[in-house]
Amino acid sequence: MRVHRIENSLFNSNTYIISCKQGDFLIDCGDVCKLEDNLNIKAVFITHPHFDHIYGLNELVKRFPDCVVYVHENGYEALYDERLNLSKYNESSFMFCYRNVVQVCGEKADMIFDGFKVEVIHTPGHHPGAVCYRIGDYLFSGDSYIPGIKTVANLPLSDKKEAMDSEILIKKLWTGNVVLCPGHGRME
Ligand SMILES: [Zn+2]
């Protein structure tokens, strides 16, 4: 399994490309133009539905029509709502226009794709629909935990207490060989 980070033009958010024998997968979606031609994106896992992590979705699905979007149930609505995903308050509004979405429910879930295992851990606080994904030795934390940066918890749907609890949980998961892949900044 190979993990490659793309830094997007909008707010320097990260998209991660995970390539393995089962195909190519994304964590979040920004500048689709930066995705190489030889990729075959099967699914995209959204860490949370703020526009800087989802704004490429329409272009992505146009280019890979079979691609499935995974999002936590508490973040589903925001894909289709420019106020909830906060794009309305920025330069260009974003609303997802496809329906190929699978909602992930609850606190913890495992998804298996031909033996490729994706563990979903609900980490609310920054956003009620925020999750981390653990795949092999990689932990994708979105904006729930960015090393060295205080988790943003003053947005309309944020919750400070939950954000702190989630940060503690993520730090516990970030042990040994685990590579932390945050929503902004470098992998470490
Ligand atoms: Zn965010």
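The values are calculated or read from the model by the stated rules, or taken from the named source; none is laboratory data. In this text the structure is predicted, and so the values were computed from the model without any measurement. For neighbour counting, all protein chains shown are included, and Cβ atoms are generated from backbone atoms with ideal geometry for every residue, glycine included. Ligands, DNA and RNA are stripped out before the accessible areas are found, and what is left, the full protein with its side chains, is counted by its heavy atoms. Shrake-Rupley method; radii C 1.70, N 1.55, O 1.52, S 1.80 Å.
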Worksheet item: By per-residue mean of other Cβ atoms within 10 Å, what is the highest-first order of 21-29, 93-101, 162-170?
Response: 21-29, 162-170, 93-101
Worksheet item: How many nm is it between the label spots at Met1 and Met187, if each spot is 7 Å from the Cα in line with the beta carbon?
Response: 1.1
Worksheet item: Just Pro124, Pro65, Pro49 to compare: in a GNM of the chain, with alpha carbon springs under 10 Å, which one fluctuates most?
Response: Pro65
Response to the item:
The lysines whose Cα lies under 22 Å from the Cα of Lys34, excluding any fewer than 8 residues away in the same chain, are Lys21, Lys42, Lys62
Discussion item. Please compute the per residue accessible area over the chain with all protein chains in place, 1.4 Å probe, rounded to a whole number of Å².
Written reply: 48
Worksheet entry | Of the GluC sites (Glu not before Pro) in the stretch 1-75, those whose Cβ has at most 10 other Cβ within 10 Å and which sit in DSSP loop | Glu36
Practice prompt. Please report, in debye to the nearest 20, how large the charge dipole of the chain is about its Cα centre when each Lys and Arg carries +1 at its beta carbon and each Asp and Glu carries -1 there.
Written response: 240
Worksheet item: For Val68, which sequence-distant residues (separation of 5 or more, or a different chain) have an amide H within less than 5 Å of its own amide H, given hydrogens modelled in the peptide plane?
Response: Ala43, Val44
Practice prompt. Report in % the part of the accessible area of the stretch 2-182 that belongs to carbon and sulfur, leaving out ligands and nucleic acids; probe 1.4 Å.
Written response: 51
